[in-house]
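Reviewing the structure listed below.
The values are calculated or read from the model by the stated rules, or taken from the named source; none is laboratory data. If you're wondering where the values come from, they're calculated on a predicted model, not measured in any experiment. Backbone-built Cβ (ideal geometry, glycine too); neighbour counts: all protein chains shown. Side chains are part of the model used for accessible areas, which takes the heavy atoms of the whole protein and leaves out ligands, DNA and RNA. Shrake-Rupley method; radii C 1.70, N 1.55, O 1.52, S 1.80 Å.
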Amino acid sequence: MSGDGATIVLSFLPKHFKLFLSKKSSLLVIHSTCINGAKNRIKSGNAALVHIRQPKDVLCKLASSLLQSADSLQDMKKGCKVEADATKKIVIEAHANIERNRKGDRLIECVEVLCVQDDSDAAYLPVNNDEEYFEYITGKNEENPISLKVQRSKIFADWLIETYGKDFLCRGTGVLDVAGGDGETCRNLAASGIPVTLLDPNPRCGDESAFTIIPRPLNGDGSDLISRNDEIGNIVRTCSFICGLHPDQATEPIVSLAIRLNVKFAILPCCVMPSLFPNRVQRKHGDPVRSYSAFCQYLLDMAPDKEEFLVDHLPFVGRNKVIYRSQP
């Protein structure tokens with residue numbers, strides 16, 4: 001599957017934008033309409049939020065070139081939303097994996113601004129020529145690799161088996177699925193003969209014979225569960241693997257528990273919940289963790305010394321980034 005290194009070239013018609021300036025990092029967010037898209041990623045006419053991260057002076061110059069009116073310059077510098085010049089278009093190189101925020105807006109992470117053009121300029125990119133763009137990489141020659149949201153549990157379970165192997169996942173008490181709610185990931189793993197336990201304070205799967213259910217939360221690094229001298233403690237201590245598909249509050253605890261037990265894990269982060277975790281800050285620059293991309297980096301930075309967590313993407317709609325510990 002595709003990693004974070006793959007890029008595509010896109011062009012957009014800016015509508016309006018906001019400039020966020022700080023000494024440590026600056027961001028330009030452009031509400032745009034796509035002109036030239038990329039097959040299976042974004043189509044011409046799709047709305048998107050283009051995120052451009054550059055030094056403060058570079059972003060100010062770029063933003064100024066997109067202004068509809070010079071009268072809006074001061075509002076722009078204050079971080080107010082300002083209208084863009086309708087005769088401009090911007091061409092960028094962007095990360096190939098396009099995610100969405102909770103409102104469903106496409107988030108385009110810019111790698112490099114290639115040019116800003118006027119209406120009179122010759123087109124920088126070919127129009128409506130899908131062969132000029134990368135396909136959405138899934139590792140298979142599927143006709144339509146973007147799967148529906150309802151299929152994500154099976155896709156995740158299949159990825160776990162393909163990545164780690166059934167024999168590895170069957171070790172000990174098997175897989176610990178945290179905050180799995182309806183039990184779909186557990187059900188798919190169990191169907192492949194893998195022992196699996198659902199750890200969730202509010203399981204929504206009823207009585208199940210295919211897998212074990214522990215109706216408890218995972219907090220911190222799981223010390224309260226590990227220290228138990230009963231079946232629950234034994235299941236948690238001797239699991240082979242820990243996973244979570246959009247586990248919300250349990251996302252960071254999954255990583256902490258995996259590090260404590262020295263086992264592999266795979267998570268698909270979703271909700272950041274900065275109000276519940278106000279003390280989360282980025283390791284490198286100390287900024288609060290408030291965005292999805294910042295949260296993912298925060299989780300990657302949790303890797304112990306001399307170890308690096310890996311990233312992959314699953315072929316379904318929504319937040320599909322997998323952060324995981326290397327294969328056995």
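Of all residues in segment 84-107, those satisfying the criterion of being in contact (Cβ under 8 Å) with a residue 60 or more places away in the chain, more than 18 Å from PHE295 (Cβ to Cβ) and touching a Ser or Thr at 6+ places or on another chain (Cβ under 9 Å) are ALA84, ASP85, LYS88, LYS89, ILE90, VAL91, ILE92, GLU93, ALA94, ALA96.
Within the span defined as segment 203-216, one or more residues are surrounded by fewer than 19 Cβ atoms within 10 Å (Cβ to Cβ) and of a type in the set (Lys, Arg). The set of residues in segment 289-309 that are surrounded by 14 or more Cβ atoms within 10 Å (Cβ to Cβ) and in contact with a helix residue (DSSP H, G or I) (Cβ under 9 Å, 6 or more places away or on another chain) comprises VAL289, PHE295, TYR298, LEU299, MET302, ALA303, PHE309.
Could you tell me whether any residue of segment 104-126 is at pLDDT 80 or above, in a loop (DSSP other than H, G, I, E, B) and within 22 Å of LEU49 (Cα to Cα)? If you could, list the steps in order and put the result at the bottom.
First, the residues of segment 104-126 that are at pLDDT 80 or above: 104-117.
The next check asks that each one be in a loop (DSSP other than H, G, I, E, B); those that pass are 104-105.
If we keep only those that are within 22 Å of LEU49 (Cα to Cα) too, we end up with 104-105.
Within segment 104-126, one or more residues are at pLDDT 80 or above, in a loop (DSSP other than H, G, I, E, B) and within 22 Å of LEU49 (Cα to Cα).
Restricted to segment 222-256, and to residues there that are among the aliphatic types (A, V, I, L, M) and in contact with a Phe, Trp or Tyr (Cβ under 8 Å, 6 or more places away or on another chain), the residue that is most open to solvent (accessible area, probe 1.4 Å) is LEU245.
Within segment 198-215, being closer than 14 Å to PRO247 by Cβ and in contact with a strand residue (DSSP E or B) (Cβ under 9 Å, 6 or more places away or on another chain) holds for LEU198, LEU199, ASP200, PRO203. ASN40 satisfies every condition listed in (1) under 29 Å from HIS246 (Cα atoms); (2) open to solvent by less than 40 Å² (accessible area, probe 1.4 Å); (3) in contact (Cβ under 8 Å) with a residue 60 or more places away in the chain except (2). For segment 87-109, filtering for residues that are over 13 Å from the mean Cα position of the chain (by Cα) and open to solvent by 50 Å² or more (accessible area, probe 1.4 Å) leaves 3. In segment 12-36, the qualifying residues are those that are within 15 Å of LEU114 (Cα to Cα) and at pLDDT below 90, and the one that is most open to solvent (accessible area, probe 1.4 Å) is ILE35. Among residues of segment 199-219 that are farther than 19 Å from THR251 by Cα, those with a beta-carbon under 7 Å from a residue that is of a type in the set (Lys, Arg) and crowded, with 17+ Cβ neighbours inside 10 Å at least six positions away or on a different chain give the pairs ALA210/ARG187.
Being of a type in the set (A, V, I, L, M, F, W, C), over 21 Å from the mean Cα position of the chain (by Cα) and open to solvent by 50 Å² or more (accessible area, probe 1.4 Å) narrows it down to one of ALA63, ALA84, ALA47, ALA70, so name that one. Write out each step before concluding.
Values: ALA63 fails: open to solvent by 50 Å² or more (accessible area, probe 1.4 Å); ALA84 fails: open to solvent by 50 Å² or more (accessible area, probe 1.4 Å); ALA47 fails: over 21 Å from the mean Cα position of the chain (by Cα).
Selected residue: ALA70, the only one of ALA63, ALA84, ALA47, ALA70 that is of a type in the set (A, V, I, L, M, F, W, C), over 21 Å from the mean Cα position of the chain (by Cα) and open to solvent by 50 Å² or more (accessible area, probe 1.4 Å).
A search for C-beta distances below 9 Å between a residue of segment 153-170 that is within 19 Å of ILE323 (Cβ to Cβ) and β-branched (Val, Ile, Thr) and any residue that is open to solvent by 30 Å² or more (accessible area, probe 1.4 Å) and not in a helix (DSSP H, G or I), counting only pairs 6+ apart in sequence or on different chains, returns ILE161/SER192; THR163/GLN327.
Among the residues of this structure, PRO145 does not count as one that is surrounded by fewer than 13 Cβ atoms within 10 Å (Cβ to Cβ) and either at pLDDT below 55 or assigned to a loop (DSSP other than H, G, I, E, B) (or both). Taking segment 255-328 and the strands (runs of 3 or more DSSP E) fully enclosed by it, the elements with 1 or more residues that are of a type in the set (Lys, Arg) are at 264-268, 321-324. In summary, LEU59 fulfils each of the numbered conditions (1) of a type outside the set (S, T, N, Q); (2) over 24 Å from ASP287 (Cβ atoms); (3) not in a strand (DSSP E or B) with the single exception of condition (2).
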